[in-house]
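Handing you this structure, nothing more for now.
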Amino acid sequence: MSALLFLAQTVRIAIPYLFAAAGGAIAERAGVVSLTLEGFMLGGAFGAVLGAHYTGSAWLGLLGGVAAGLFLGSVHAVASIRFKADQVVVGVAINLFAVGITRFFLQLAFGSSSNSPRVVGFGGEAAGGSAAAFLANPLVWLGLAVMPALAFVIGKTRFGLRVRAVGEHPQAAASVGVPVNRVRYVAVVASGALAALGGVYLALDQHQFTDSMTAGRGFIALAAVIFGRWDPLRAGVACLLFAAAETLQIQLQSAQIIPSQFVAMIPYVLTIVAVAGVVGRSTPPAALGKTSE
């Protein structure tokens with residue numbers, strides 16, 4: 001496999017990670033734990049397919065996916081911020097809710113418990129998988145730009161300063177007039193929309209929704225955020241690293257040099273090793289997981 005093809009496959013695999021990690025980074029920098037990324041992605045994927053199926057438009061499917069992410073992000077925000085529920089428990093609950101609700105509506109809308117009919121995607125259904133369709137997909141370019149854009153927002157804007165303040169010292173931020181809960185609401189809802197775009201990309205790239213199609217990508221994206229020490233640019237590099245490991249796994253499985261069971265472990269082993277090597281030396285936002293009075 002040429003280096004160019006390896007790079008293209010890595011970027012293709014990395015796009016959903018980049019969107020989800022962007023969502024995780026902004027919420028966690030605001031002090032809210034983001035175990036919900038998997039559920040946001042799954043909801044976004046189903047919303048995209050539902051929208052594209054009934055309208056015949058990939059763009060309206062994208063809006064449907066983002067709407068699903070906004071809804072789930074709002075649920076997370078209300079439970080964690082308004083009602084001060086344990087954020088880890090809320091995260092697990094939303095992930096399980098997303099699995100159940102998508103499975104229910106998959107059966108209700110399409111009469112199948114496993115997958116939806118094929119839908120239109122960016123670049124056209126017939127072109128799916130080709131280099132032209134890949135380059136014509138606006139979500140590819142948006143995914144590559146999302147981490148630099150988020151780094152600018154968090155590091156250079158007034159809103160970003162507030163996000164960092166409420167994630168580190170919410171009491172100090174409140175003392176100078178920063179509406180802590182409002183900033184966290186915006187960050188968590190934005191997290192839902194960004195992570196949902198990762199699911200939208202998966203669904204429209206594959207031209208259908210399949211049950212639990214995100215397959216743990218949200219958790220790998222969260223690992224990338226931790227590995228990147230809650231910095232968007234570093235988290236983006238981590239996403240590319242994990243995607244490269246997954247690309248290598250695919251190539252080794254094709255070559256059949258190593259037993260497939262061991263090859264399939266590569267991305268997850270790398271994730272564990274990377275996070276285990278960083279967690280002890282990295283410092284999360286000081287108020288992460290703590291409710292504001």
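The values are calculated or read from the model by the stated rules, or taken from the named source; none is laboratory data. This is a predicted model, so every value here is computed, not measured. Positions of Cβ are generated from backbone atoms using ideal geometry, with glycine treated the same way; all protein chains shown enter the neighbour counts.
Within the stretch 201-218, can you find the residues that are outside any helix (DSSP H, G or I) and either among the aliphatic types (A, V, I, L, M) or more than 30 Å from A109 (Cα to Cα) (or both)? Outline the logic, then answer.
Of all residues in the stretch 201-218, those outside any helix (DSSP H, G or I) come to 207-216.
M213, A215 - these are the residues of the stretch 201-218 that are outside any helix (DSSP H, G or I) and either among the aliphatic types (A, V, I, L, M) or more than 30 Å from A109 (Cα to Cα) (or both).
What is the number of the single condition among (1) in a helix (DSSP H, G or I); (2) in contact (Cβ under 8 Å) with a residue 12 or more places away in the chain that W59 does not meet?
(2)
Evaluate the following for L72: is it buried (at least 19 other Cβ atoms within 10 Å of the Cβ) and of a type outside the set (K, R)? Before the answer, list the steps.
Numbers: buried (at least 19 other Cβ atoms within 10 Å of the Cβ): yes; of a type outside the set (K, R): yes.
Judged against the criteria, L72 is a match.
What number goes with the only condition from (1) surrounded by fewer than 16 Cβ atoms within 10 Å (Cβ to Cβ); (2) farther than 18 Å from F40 by Cα that H53 does not pass?
(1)
Taking G177 as the residue in question, decide whether it is over 23 Å from the mean Cα position of the chain (by Cα) and closer than 30 Å to A287 by Cα. Give the steps one after another, and end with the answer.
On the way: over 23 Å from the mean Cα position of the chain (by Cα): yes; closer than 30 Å to A287 by Cα: yes.
Taking the combined requirement at face value, the residue satisfies it.
While we're here: Scan S34, S80 and give me the residue that is outside any helix (DSSP H, G or I) and within 21 Å of R182 (Cα to Cα).
Details: S80 fails: outside any helix (DSSP H, G or I).
Of S34, S80, the one residue that is outside any helix (DSSP H, G or I) and within 21 Å of R182 (Cα to Cα) is S34.
Among the listed residues G199, G160, G192, which satisfies the condition of being under 21 Å from W230 (Cα atoms) and crowded, with 24+ Cβ neighbours inside 10 Å? Working first, answer last.
Numbers: G199 fails: under 21 Å from W230 (Cα atoms); G160 fails: crowded, with 24+ Cβ neighbours inside 10 Å.
Of the residues listed, the single one that is under 21 Å from W230 (Cα atoms) and crowded, with 24+ Cβ neighbours inside 10 Å is G192.
Could you figure out which of (1) closer than 16 Å to A203 by Cβ; (2) over 20 Å from the mean Cα position of the chain (by Cα) isn't true of G64?
(2)
Looking only at the stretch 237-275, which residues are under 30 Å from A165 (Cβ atoms) and at pLDDT below 75?
Answer for the stretch 237-275, where residues must be under 30 Å from A165 (Cβ atoms) and at pLDDT below 75: A274, V275.
Now a separate question. Being closer than 27 Å to A244 by Cα and polar (S, T, N, Q) narrows it down to one residue among T55, T36; which is it? Outline the logic, then answer.
Details: T55 fails: closer than 27 Å to A244 by Cα.
Just a single option satisfies the conditions, and that option is T36.
Inspect all residues belonging to the stretch 219-235 and state whether any of them is over 30 Å from V78 (Cβ atoms), at pLDDT 90 or above and either assigned to a helix (DSSP H, G or I) or not small (G, A, S) (or both). If you could, list the steps in order and put the result at the bottom.
Taking the stretch 219-235 as the starting set, the residues that turn out to be over 30 Å from V78 (Cβ atoms) are 233-234.
Among the residues that remain, those that are also at pLDDT 90 or above are: 233-234.
Applying the additional criterion that residues be either assigned to a helix (DSSP H, G or I) or not small (G, A, S) (or both) yields 233-234.
Looking through the stretch 219-235, at least one residue is over 30 Å from V78 (Cβ atoms), at pLDDT 90 or above and either assigned to a helix (DSSP H, G or I) or not small (G, A, S) (or both).
What are the residue pairs meeting all of these: first residue in the stretch 164-184, first residue in contact (Cβ under 8 Å) with a residue 40 or more places away in the chain, second residue of a type in the set (F, W, Y), Cβ atoms under 9 Å, and 6 or more apart or on different chains?
G167/W230; V183/F159
Also: Just to check your reading of the model, which residue among E38, E28 is within 10 Å of the chain's Cα centre (by Cα), charged (D, E, K, R), crowded, with 21+ Cβ neighbours inside 10 Å and farther than 16 Å from P117 by Cβ? Please lay out each step first, then the result.
Details: E28 fails: within 10 Å of the chain's Cα centre (by Cα).
Residue meeting the stated conditions: E38.
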